[in-house]
Each structure stands twice: as structure tokens, then as C-alpha cells.
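Chemist: Next up is a structure, given as C-alpha cells.
What follows draws every value from the coordinates through simple rules; no lab data is involved. Quantities reported herein were computed from a predicted structural model and do not represent experimental measurements. Neighbour counts run over all protein chains shown; Cβ positions are idealised from the backbone, glycine included.
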Amino acid sequence: MQAIEAFPGNDNEVGLQFSADGSLRHLLSLKGLDKALLVDLLDDAERFVPPPGGKAVRSRSLAGRTIANLFFEPSTRTRASFDLAGKRLGADVLNLDVNTSSRKKGESILDTIYTLQAMQVDIMVVRDASAGVPAYIARHVDDHVSILNAGEGDVSHPTQGLLDLLTIRQRKGQFADLTVAIVGDIMHSRVARSAAQGLNTLGVGELRLISPPALAPDPDEMPFASILDNLDDGLRDADVVMALRIQRERIGSLDGIPGIDEYFANYGISTERMQLAAADAIVMHPGPMNRGIEIESALADSPASAITQQVANGVAVRMAVLERVSNSMEHN
Ligand code: CP
């Protein structure tokens, strides 16, 4: 049986992310990262995007550093891209297999962290289903260790937010004149929260959050966004449409949530429905996709889709973040 651990709720304290000199030590949330820092991170990430048809960008800027990837929840994109990002920067990368780790014998998360810390891990990349875990770990590690949030319950997924911002900037060039529509299970989506926080900081023109009423966010949580339950209203003239899957793993009861056919009919993003959006609108999805439920398969593979670009940008963004926190350690 696993040890029962209590984490202080959603305690992503903004100040915890920064060293005494103001540099980024941990990345726990996009909340509290100002516009200049977000733009800097996007510019840094751009350096790691290979030219069209070019080879992956590599450097030795993290040679001598050790990164541990600790995914206490499933992942394909985030885990693989953090792994590649660390290796392409020359770091030693440890991918802990949680399913065969001593967590399964009841070891606490902190004892797991202290064990890796004793092996001189510098950067720990953490995904966990519980709110508050990355900040809880960040409070307990030694001064020379950085924590990167790779997905925290329904609260935050900051590197996903950054890769979404980078993709939008590459495709649209700016944020101020854009209407962005995020569609789906907003209530349980850490992706929506991080994207919304970043878009708000970068001064997006209009942000619409569209979902069935049973999956809508608390209206007070993101007062800068409009909340809608009618997809056609939400898509009208949108420049960017981001589809989200229903986060079944975070939903206790499916009461009030439409079945698959009804969901696609009312909230699925299709080529036909995209006629309502701007003529040059792009479609995004953080993955994993449920084709035919939240997004039409042909649309996901169409020229309007930025989904593959999002995945590619995930490596670049994670390289930029790893380099940033590694540099912060050198200055402190
Ligand atoms: N977008 C995202 O976090 O995907 P994975 O769960 O595959 O990492």
C-alpha cells in the first residue's frame, strides 16, 4: 500500500519560483511570470527550433547536470520531450520508472525525492495527479535543486502553456489582435489554465472558454475570459481554436456530461464548424487526441492543424526552460 501523503492544496506560490536574484529557479506555474520573462522564454525556445527539414538542435550547455524525470501520471509527449531536451543539451537524464520504483512499496514522494537528491540530481521534472505536489517538493529540496512542473492535476501545465504560446506566435505573429477559443473540458484542464494564464499575460485580444455546462470553469477563476456553452458562438471569427479532450481520469461522475455522439455533435471541432472561424484560423490540440470525439480526424491532419508543430515546439520549449533554470543555479 502506498503511504498516504497530504499536500497543501493549490499552493503554487509565485515567489517560490524565483531565486533571491530574481532568476527563475523552479517552473511551477505561468502565474506570476511577467510578460518580459514569457517573451524571453519563447525567444530562447525559438533558438532550439530546427530549420525546416533540418536536424535537431544540440548544445552542451547542460553537460555535467543530471535531470530526473518523475512521472507519477501517464505521459507520452511531455515525458519524451523532456527526455530528448535534456539529452540534446548534454545532460545525464534519468527516467524513473514509477511503476517499478519503491513508491510501489510505500515510499513517500519526499523520500523518493531525497533519494534522488542524494545522487546529485540537479533538476527534477515532476508530473503528479495531485494539486500542490510540485510546490510541495520545491519547498523541501536543497538549494541546488530545481523543480519543473510537468503537469499538476487540473491546476497547471506550464511547459505545455509555453509551447502553445510559441506555436500561436509562430503561426500568427502576435497576440493583441487574436481571438482564441479553447473548447472542451475546461473545468478539469491544466492545459486550458496554463494557456489562459499565458495568453492573458501576453495581452491576447479575446479569450473564449467553451464547454458543456457540466465542464465549465468557475466564472471567477479567469475573469479575463468569456465563458460560453454554445460552440458556434464561441468559434465565430476565432483565429485560434484549441480542442481539449474530456479528462475522464479526473471526473468522478459522468452525470450531465454528453455521450460521445452528442458531444461531437455539440462540441466537436470539425472542418464544417471551422467555417465559422476566421478564414486562416488554426486548430490546436495538446494531445492525446480522441479523434472523432473532440476533433474530427481529417481536420486534425489538415493544413489548418498546428498539432504536429505543437509537439515539435515541446522539445524546444523544454530545452529553453532547462537551460534557464540551470543558468539560475550557476548564479546562486
Ligand atoms: N499534452 C500532454 O501533456 O501530453 P502527454 O500527457 O502525452 O504528456
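Chemist: Relative contact order for the stretch 158-301 using alpha-carbon pairs under 8 Å, separation at least 6, rounded to a whole percent?
Modeler: Worked out over the stretch 158-301, it gives 25 percent.
Chemist: Need the full-extension length gain, F18 to S302, defined as separation in residues times 0.36 nm minus the C-alpha distance. One decimal, nm.
Modeler: This chain segment gains 98.2 nm when fully extended.
Chemist: Please name whichever of I113, T167, P219 sits farthest to the positive end of the charge dipole of the chain, dipole taken about the Cα centre and charges placed at Cβ: Lys and Arg +1, Asp and Glu -1.
Modeler: Farthest along the dipole direction, towards plus: I113.
Chemist: So what's the chain giving for Rg/Rh, alpha carbon basis, Kirkwood Rh from the mean inverse pair distance?
Modeler: On the way: Rg = 19.5 Å, Rh = 20.3 Å.
Answer for the chain: 0.96.
Chemist: Positive end of the charge dipole of the stretch 274-332 (Lys, Arg +1 and Asp, Glu -1 on Cβ, about the Cα centre): tell me which of I307, A320, N290 has its Cα farthest that way.
Modeler: A320
Chemist: Mind checking the dipole of the stretch 8-148: about its Cα centre, +1 per Lys or Arg Cβ, -1 per Asp or Glu Cβ, Debye to the nearest 20?
Modeler: 560 debye
Chemist: Taking the Cα centre of the chain as origin, work out the dipole magnitude from +1 charges on Lys and Arg Cβ and -1 charges on Asp and Glu Cβ, in debye rounded to 20.
Modeler: 1140 debye
Chemist: Given the peptides 318-324, 297-303, 51-57, arrange them by the average over their residues of other C-beta atoms within 10 Å, most packed first.
Modeler: Per-residue mean Cβ counts within 10 Å order the peptides as 318-324, 297-303, 51-57.
Chemist: Counting Lys +1, Arg +1, Asp -1, Glu -1, what net charge surrounds L89 among other residues with beta carbon under 13 Å of its beta carbon?
Modeler: So the environment of L89 carries a net charge of +3.
Chemist: Write down the Å³ per residue value for the convex hull defined by the alpha carbon atoms of the stretch 158-301.
Modeler: 101 Å³
Chemist: I'm checking a number: the convex hull volume of the Cα atoms of the stretch 72-114, normalised per residue, in Å³. What is it?
Modeler: Dividing the Cα hull volume of the stretch 72-114 by its residues yields 80 Å³.
Chemist: How large are Rg and Dmax for the stretch 2-129 when calculated on the C-alpha trace, in angstrom?
Modeler: So, for the stretch 2-129, Rg and Dmax equal 16.5, 49 Å respectively.
Chemist: Mind listing the phi-derived Karplus ³J(HN,Hα) values for the stretch 161-177, rounded to whole Hz, using 6.51, -1.76 and 1.60 with θ = phi - 60°, and x for any glycine or proline?
Modeler: Per residue, the Karplus-derived 3J(HN,Hα) values read x, 5, 5, 5, 4, 4, 5, 5, 5, 5, 7, 10, x, 7, 10, 4, 9 Hz.
Chemist: Give, rounded to the nearest 20 debye, the magnitude of the charge dipole that the stretch 158-301 has about its Cα centre when Lys and Arg contribute +1 at Cβ and Asp and Glu contribute -1 at Cβ.
Modeler: 520 debye
Chemist: Next question. What value, in deg cm²/dmol to 500, does the helix sum -39500 (n - 2.57) over DSSP H runs of n ≥ 4 give at 222 nm once divided by the residues of the chain? Please report the intermediate quantities before stating the final value.
Modeler: Working: 10 runs with 111 residues, N = 332.
That comes out to -10000 deg cm²/dmol.
Chemist: Can you tell me the order of 251-264, 174-187, 282-295 when each peptide is scored by its average per-residue count of other Cβ atoms within 10 angstrom, highest first?
Modeler: Going by the mean number of other Cβ atoms within 10 Å, highest first, we get 174-187, 282-295, 251-264.
Chemist: Further question on the same structure: Which residue, I67, L41, S270, has the largest displacement toward the positive end of the dipole of the chain when charges sit on each Cβ (Lys, Arg +1; Asp, Glu -1)?
Modeler: Going by the Cα projections, it comes out as I67.
Chemist: Let me ask something additional. From the backbone phi of the stretch 117-132, what are the Karplus-calculated ³J(HN,Hα) couplings (6.51 cos²θ - 1.76 cosθ + 1.60, θ = phi - 60°) in whole Hz, Gly and Pro given as x?
Modeler: Karplus-based 3J(HN,Hα) across the stretch 117-132 equals 4, 5, 8, 6, 6, 9, 10, 10, 9, 10, 10, 8, 6, 9, 5, x Hz.
Chemist: Pulled fully out, how much extra length does the chain show between D261 and S61, if you take 0.36 nm times their separation in residues and subtract their Cα-Cα distance? Intermediate results must be reported in sequence, preceding the final value.
Modeler: Numbers: separation 200, 0.36 × 200 = 72.00 nm, distance 4.95 nm.
67.1 nm is the gain from fully extending D261 to S61.
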